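Everything on this sheet refers to the single structure shown next.
The values are calculated or read from the model by the stated rules, or taken from the named source; none is laboratory data. Because the structure is predicted, anything quoted here is derived from the model rather than measured. Counting neighbours? That spans all protein chains shown, and the Cβs are built from the backbone with ideal geometry, glycine included.
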Amino acid sequence: MVLLEFSMSPLGKGESVGKYVARSLDIIDKSGVAYRLNPMGTVLEGEWEEVFGVVRKCYERMKKDCNRISCTIKVDYRKGHSGRLVAKVASVEKKLKRAIKQ
C-alpha cells in the first residue's frame, strides 16, 4: 500500500485558489480512495496505480482552465500494511499516552 501526499495549485490565478482546490477535493472524495485533507495538501492511501490515477484526474481537470500548475508529491510505500492514514497517528498517540490535536 502507498501513502501519497500531494498539493496541486494553479499559478497566476491570484492569492486565493480555494475554488481550484475544492474541485480537486470533489474528485478525490468521489474516487472512493481513502484520504485525509490537511492545511497544506491531501494524503491518499491505496495501490500505486489507484492513488496516482486520482492525482492524474485532478491534474487533467485543473489544466482545462489553468495555464500553469504547481504540484508536489511525496510517496511512502510499505509492503503489507494498510490503514496507515489512521494507524500512524494512533501509534504516536500510544507512545505519548494521549490524543494529539488534529
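Please verify whether Ser9 is assigned to a strand (DSSP E or B), exposed (fewer than 13 other Cβ atoms within 10 Å of the Cβ) and either in contact (Cβ under 8 Å) with a residue 24 or more places away in the chain or of a type in the set (Ser, Thr, Tyr) (or both), treating the condition exactly as stated.
Judged against the criteria, Ser9 is not a match.
Scan region 32-42 residue by residue and report those that are touching a helix residue (DSSP H, G or I) at 6+ places or on another chain (Cβ under 8 Å) and part of a strand (DSSP E or B). Spell out how you get there, then give the answer.
Of the residues in region 32-42, the ones touching a helix residue (DSSP H, G or I) at 6+ places or on another chain (Cβ under 8 Å) are 33-37, 42.
Selection gives Ala34, Tyr35, Arg36, Leu37, Thr42.
Give all pairs with beta carbons closer than 8 Å in which a residue from region 20-31 that is under 15 Å from Cys71 (Cα atoms) meets a residue that is among the hydroxyl-bearing types (Ser, Thr, Tyr); count only pairs at least 6 apart in sequence or on separate chains.
Partner pairs satisfying both residue conditions: Tyr20/Ser9; Val21/Ser9; Ser24/Thr42; Leu25/Thr42.
Please tell me if Leu37 is in contact (Cβ under 8 Å) with a residue 12 or more places away in the chain and more than 17 Å from Met1 (Cα to Cα).
Taking the combined requirement at face value, the residue satisfies it.
Considering region 43-94 alone, what residues qualify as being aliphatic (A, V, I, L, M), in a helix (DSSP H, G or I) and free of Cβ contacts under 8 Å to residues at least 60 places away in the same chain?
Of everything in region 43-94, those that are aliphatic (A, V, I, L, M), in a helix (DSSP H, G or I) and free of Cβ contacts under 8 Å to residues at least 60 places away in the same chain turn out to be Val51, Val54, Val55, Met62, Val86, Ala87, Val89, Ala90, Val92.
Does region 13-39 hold any residues that are within 16 Å of Leu85 (Cα to Cα) and under 12 Å from the mean Cα position of the chain (by Cα), and which are they?
Hits for region 13-39 are Ile28, Asp29, Val33, Ala34, Tyr35, Arg36, Leu37, Asn38, Pro39.
Of everything in region 42-94, what is out of contact with any Leu (no Cβ under 8 Å at 6 or more places or on another chain), aliphatic (A, V, I, L, M) and either modelled with pLDDT under 95 or exposed (fewer than 15 other Cβ atoms within 10 Å of the Cβ) (or both)? Give them in sequence order.
Within region 42-94, Val86, Ala87, Val89, Ala90, Val92 meet the criteria.
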